[in-house]
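What follows is a set of notes on a single structure, which appears directly below.
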Amino acid sequence: MKTLNFLSQFFATLLFMSIYLVMLPQKIYAADATVSNVRIGVNGSRTRVVLESDKPIKYSFFTLPNPNRVVLDLGDIKFRTDITQETIPHNALVKAMRQGTFKPRKVRMVLDAKQGVKASVFTIPSAKTAGSRLVIDIYPSGDAPRSITVSKPKKPKAANTPLRKQSPAPVIRKDVKKDGPVVVVLDPGHGGIDPGAIGKGKTREKDVVLAFAKRLKKKIERLPNTKVYLTRTGDSFIKLSQRVAYAQRRNADLFISLHADAHSNRTVSGGSVYVLSERSSDREAARLARNADKGDIIAGINFKEESSEVRNILLDLTQRETLNKSSLLAQNIIIDLKKAIKVRNKSRPLFAGFRVLKAPEIPSVLVELAYISNPSEERKLRSRRHQDKVATAITRGVKRFINKHVGK
């Protein structure tokens, strides 16, 4: 009898504990991020896959041979679209994509490749006009990009819809510069009715930057296979938009705008190098996309017949590539410039929304040569010897950038 009472109490306790555990509040996990858009493009031999999400995506990745794959482990994320249904350009290195949960709160994404590949993965933070982006660049060994191809993503097939042959997705291409000289456009700031900043000794910014630009032009043109143009060769006023348009007409490989800053505190000194901020870049991309509705030609591509979806993909690819190269150009210039003068930003460029830096396809920087408001630097700006030293430093940075990145 005691044994029966013990057993009945034991099972009653088990039943109570089971009911209690079931009634406990269960922890509900929200996805780490939700992917709202997937974009695929080809830039020469590089295939780029972009995942746009509401939050940054944590990732790790590796490649596998036989069969060739790029594998990404992405944490607990959700896709709003079926990535297996995305249209992939025919010349992409990727032939198929898929994803699935392979561990608790861990999603694995697999990109099947047509050949052996290497990969580079990085993130771009969210901006006013775009969410967080995870960018996957896939390359074959030893190849370099030569063109841009963008394919419009395909909508997922509706349930129970019979399979049928898909019409080809619209494709647009931008051919990169043909064989020929590397083109550098130098932009002496201000001019004409706009004198720019004026130093205590009455030195006008428009005069010193023009004199410096002419000296810099001679030095850069000594580099092999290089041609240099000035946006102005005399004391003339040129609108900012016209300066950018001039560089585009010349099919420039890089653009350098030259200025001499001013400050209310005359003791402030030093030069600086700027590139376009990402926020300004996103705003400019939105403006360009709106103008494309009118049939504008952007970065050498006529968007008149293309959808806004294709347009936005191309602009995103082009803008990101250009921002990266602009930053590299600035860093290469800073390496030598800081040996010649005091530089405020000694390792990385500063970021701003200067209008002359907004050509979406041309790596562009703005160099403040000095503070003309500082009497000592004002005198240096007028010195031919000082101009020569600074021009030599910038030329060395330009040479390094051309050797490493132009046409790559």
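The values are calculated or read from the model by the stated rules, or taken from the named source; none is laboratory data. It should be emphasised that the depicted structure is a prediction, and the values quoted were computed from it without experimental measurement. Here the Cβ positions follow ideal geometry from the backbone for every residue, glycine too, while neighbour counts run over all protein chains shown.
Taking the listed residues Ala252, Ala247, the one that is assigned by TED's automatic domain parsing to the domain that holds Val398, small (Gly, Ala, Ser), over 17 Å from Glu205 (Cα atoms) and not in a helix (DSSP H, G or I) is Ala252, with no other qualifying. Listed conditions (1) surrounded by 15 or more Cβ atoms within 10 Å (Cβ to Cβ); (2) assigned to a strand (DSSP E or B); (3) not aliphatic (A, V, I, L, M) are all met by Thr87, apart from (2). None of Lys408, Lys380 is surrounded by fewer than 23 Cβ atoms within 10 Å (Cβ to Cβ) and at pLDDT 90 or above except Lys380. Anything in the range 90-117 that is touching an Asp or Glu at 6+ places or on another chain (Cβ under 9 Å) and surrounded by fewer than 16 Cβ atoms within 10 Å (Cβ to Cβ)? List them, or say none. The answer is Lys95, Ala96, Arg98, Thr101, Phe102, Lys103, Pro104, Arg105, Lys106, Arg108.
Looking at the range 180-208 only, could you name the residues that are part of a helix (DSSP H, G or I) and surrounded by fewer than 21 Cβ atoms within 10 Å (Cβ to Cβ)?
Selection gives Asp207 alone.
All of (1) at pLDDT 90 or above; (2) crowded, with 17+ Cβ neighbours inside 10 Å hold for Gln248 with one exception: (1).
Close Cβ contacts (under 7 Å, 6 or more residues apart or on different chains) running from residues in the range 224-242 that are surrounded by 16 or more Cβ atoms within 10 Å (Cβ to Cβ) to residues that are small (Gly, Ala, Ser) comprise Leu230/Ala213; Arg232/Gly191; Ile238/Gly191. Looking across the range 49-73, the residues that are in contact with a Lys or Arg (Cβ under 8 Å, 6 or more places away or on another chain), in contact (Cβ under 8 Å) with a residue 60 or more places away in the chain and either loosely packed, with under 15 Cβ neighbours inside 10 Å or not hydroxyl-bearing (Ser, Thr, Tyr) (or both) come down to Val49, Val50, Leu51, Glu52, Leu72. Hey, does the range 66-79 have a residue that's of a type in the set (A, V, I, L, M, F, W, C) and outside any strand (DSSP E or B)? The answer is yes; a qualifying residue exists. When each of Glu321, Glu377, Glu368 is tested for being over 21 Å from the mean Cα position of the chain (by Cα) and in a helix (DSSP H, G or I), the lone residue that passes is Glu377.
Return yes or no: is Lys404 without any contact (Cβ under 8 Å) to a residue 60 or more places away in the chain and over 19 Å from Ala247 (Cα atoms)? No, not satisfied. Can you find a residue that is charged (D, E, K, R), at pLDDT 95 or above and not in a helix (DSSP H, G or I) anywhere in the range 213-221? Yes, the conditions are met somewhere in the range 213-221.
With respect to Ile394, determine if the residue is more than 18 Å from His259 (Cα to Cα) and not in a loop (DSSP other than H, G, I, E, B). No.
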